[in-house]
Structure formats: structure tokens, C-alpha cells
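Data first, discussion second: the structure below is written as C-alpha cells.
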Amino acid sequence: MIESIKSYWIAAKGVGRFGTVVIILASLASILAYVIIPDTTHFANLQVPEYNLLPPGSQRILLEHRERGEWSLLQGYTGLTTAIPMTELVGKSGPIITYKDLNGNLREQTVSSLESYSLHQIQSDLVKTKTYILGTDKYGRDLLSRLILGIRISLLSGLIAVFISTVIGVIVGLTSGYFGGWFDAITVFVINSLWAFPTILFVFAIVMAFGRSITIIFIAVGCTLWIDVARLVRGQTKELREQVYVRAAKSYGASSYRILKDHILPNLLGPLLVIVAANFAIAILIEAGLSYLGFGVNPPQPSLGNILNENYGYALSGLTFMAVIPALFIMVLVLSFNFVSKSIKDYADTNG
């Protein structure tokens with residue numbers, strides 16, 4: 001396995017290596033999302049209306065406090081009694097403020113004790129400078145944090161959809177191509193019938209029939225992409241079953257299951273990896289398209305599609321970066337999988 005990966009990397013051209021690196025980095029960012037994103041609140045949905053539509057690289061001084069169990073950030077402070085909203089907790093010495101210091105420790109102090117702080121103490125405990133690397137959206141949410149979580153949704157949808165489509169397509173394609181007969185005739189009819197309709201229409205119909213949920217979207221995409229896999233596997237199986245080594249295995253009394261598992265399926269791995277990478281790109285595009293149209297992931301959960309939907313209107317209003325950034329994320333991710341698919345195909349053709 002390791003040798004195959006090394007051989008692929010050596011054989012891959014510039015775009016293939018670029019796509020591989022992008023996919024690896026995107027996968028790591030998705031896995032470590034809540035460790036590396038600046039806004040670690042649920043769905044990165046921390047809204048600071050005063051800081052909406054900030055350009056990339058903006059820095060703001062913020063006062064961090066906790067109110068009603070949720071972390072939020074204030075624009076600044078003009079006085080502790082007005083800058084920090086009071087909680088319902090009241091002690092003997094007056095209202096008690098619950099906040100989080102810069103070290104992440106939860107602290108409780110009375111208003112009177114906070115008022116006696118020096119400016120240096122306040123800045124070291126409560127105030128910090130936050131950098132918005134990719135700016136903020138119209139709600140004042142950190143755009144980088146939401147885009148990283150959106151990448152995670154895209155990769156997860158691609159992974160589940162590809163898994164479902166590959167399992168269904170391989171089973172149907174192997175059975176149809178190897179045994180032929182009436183099952184093959186039915187399979188060909190179904191493939192040719194469904195082939196005439198755009199994939200996104202089937203996904204849209206399934207989502208409308210079973211409801212808008214992230215699980216339904218994953219399953220719907222997977223249940224439509226199997227057609228390409230089954231078509232490829234069927235054609236390859238019909239060709240491989242006529243090979244000498246398959247005929248020899250039959251003459252020695254090998255079962256159909258063993259022939260398919262040991263002699264045919266291993267020879268399909270190259271073409272399968274090519275179409276799996278291509279289907280990954282298609283699944284990402286479909287999920288992004290559904291979310292863009294409002295039939296995908298429900299806000300405030302971020303998706304590359306619904307982030308683009310929220311920001312595309314700024315393209316002609318002087319805030320072009322708001323629309324370009326999420327579009328670039330989608331474009332680079334889809335292109336990377338297409339580059340890898342092409343590189344795998346070239347590698348498989350070169351190495352037989």
C-alpha cells in the first residue's frame with residue numbers, strides 16, 4: 001500500500017500533487033475543525049453585529065464575557081458596569097459576573113471587584129485583539145471559521161455518498177456483468193433510463209419527498225451516483241470474465257463468489273478509484289448546489305453552498321471578496337478531486 005502511494009506521488013504531475021495536497025489539508029482541517037478555528041462556538045455562529053462585513057485581515061479589540069450560558073464578544077467597553085451585561089446570579093456583595101479569561105479559565109467576580117481593577121488588569125483578563133483572517137459576514141460571524149466547518153460538511157457528504165454509491169454500484173455491476181441474463185437486461189434498462197436525467201433532479205426529488213435533513217442529503221446523493229459506478233463495473237466485468245485466468249478458475253471448480261472476489265474485483269480497483277474521486281467532486285457540487293438553493297443544510301449550520309447564498313449579493317456592491325471567497329473554496333475543492341481522478345487514471349494506465 002505504501003509503495004503504491006509512493007509510486008502514485010512520483011508519477012503524479014503538478015496538478016495531481018496539488019490536488020492531493022489540497023485534499024489532505026482540507027481533510028485535516030475538517031477533523032481538527034474546532035481545534036483550529038478562531039470561533040469555537042457551536043456552528044461558529046457567534047454574531048457581533050458591530051463588526052459585520054469586515055474585510056480580510058481586520059483586527060478588533062474585544063471584551064469577552066459569558067451571559068446565559070453562551071460565549072459572545074462585545075465591541076469594546078466604556079465602563080465595566082455597562083459593557084458587561086449583568087447575570088441573574090447575585091451574591092452578598094452584589095451582582096456576580098461570570099466570564100472567561102484569556103487562559104480559558106471560568107471566573108466569577110462581583111461588579112464591585114471588577115470596578116476596582118486597573119486598566120492593565122482588565123486588559124490582561126478580559127480584553128483581547130481578534131484578527132478576522134477572511135473577514136466577517138453580514139451578521140459579524142468569523143468567515144474563516146464557518147468556511148472550515150463548511151468544508152467538513154462537503155467532505156462528509158462526499159464520503160458518505162461515495163461509500164453508498166460504490167457499494168451499490170459494485171454489487172449491481174458485478175452481478176450484472178458476470179452472470180448476464182435477465183438481471184443484466186434489467187440493469188441495462190434502468191441505467192439507460194436514469195442516465196437521461198440530471199443527477200441533481202433525482203437528489204432534489206428525494207430531498208423533497210423525505211425532508212430536508214443532512215442525513216437525507218447524504219443518502220440521496222449516494223443513491224443517485226451509483227449509476228456511473230454500476231455502468232463502469234458492469235463493462236469491466238464482462239471483459240474480465242472472458243480472460244484466461246477466470247476460465248481456468250472456473251475449470252478448477254472455483255465458486256462464482258471466489259472468482260469475483262479474488263480475480264475480478266482486484267482488477268477493478270484502478271478504474272474504481274478514478275470514478276470514486278470523480279464522484280467525490282460531483283457529490284460536493286450537488287450538496288453545495290442544494291444548500292445554495294435553500295434545500296440543503298439548514299442554517300445556522302454552515303455549508304459552502306449556504307455561505308455562498310448568503311454572500312453572493314455582495315459581488316457587485318464593492319464587497320466582492322464576500323462572494324469570491326466561498327466560491328473559490330468550492331472551486332478549489334472540486335478541481336482538486338478532478339485532478340486526483342485524472343492522475344489516478346494516468347497512473348493506472350502507465351502501470352497496467
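Throughout, read-outs are computed from the coordinates displayed, never taken from laboratory work. What you see is a predicted model; the values in this text were computed from it and never measured. Positions of Cβ are backbone-derived with ideal geometry, glycine not excepted, and every protein chain shown enters the neighbour counts.
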- Item | Exceeding the 20 Å Cα-Cα cut-off - candidates Lys13/Lys342; Lys6/Lys345; Lys238/Lys261; Lys6/Lys261; Lys6/Lys342 | Lys6/Lys261
- Message: Show me, for the stretch 183-197, the HN-Hα J-couplings you get by feeding each phi into the Karplus relation (A = 6.51, B = -1.76, C = 1.60, θ = phi - 60°), rounded to Hz, glycine and proline as x.
- Response: 5, 5, 5, 5, 4, 4, 4, 5, 4, 5, 5, 6, 4, 6, 10
- Message: I'm checking a number: the convex hull volume of the Cα atoms of the stretch 243-352, normalised per residue, in Å³. What is it?
- Response: 126
- Message: Can you give me the long-range amide H partners of Leu134? Hydrogens built in the peptide plane at 1.01 Å from N, cutoff under 5 Å, separation of 5 or more residues or another chain.
- Response: Gly57, Leu143, Leu144
- Query: Any idea which of Ala281, Asn267, Gln243 is furthest toward the positive side of the dipole for the stretch 233-290, if Lys and Arg beta-carbons carry +1 and Asp and Glu beta-carbons -1?
  - Reply: Gln243
- Task: Provide the net charge surrounding Arg234, with neighbours chosen by a C-beta distance below 15 Å and charges set as Lys +1, Arg +1, Asp -1, Glu -1.
- Result: -1
- Using the Cα gyration tensor of the stretch 157-310, with a ≥ b ≥ c the square roots of its eigenvalues, what is the shape: rounded (a/c below 1.5), prolate (a/b larger than b/c) or oblate (neither)? prolate
- Note on the structure: The answer for the net charge of residues other than Asn311 whose Cβ lies under 12 angstrom from its Cβ, with Lys and Arg +1 and Asp and Glu -1, is +1
- Residue by residue through the stretch 252-260, the couplings from Karplus 6.51 cos²θ - 1.76 cosθ + 1.60 with θ = phi - 60°, in Hz, x for Gly and Pro, are 8, x, 5, 6, 4, 4, 5, 5, 5
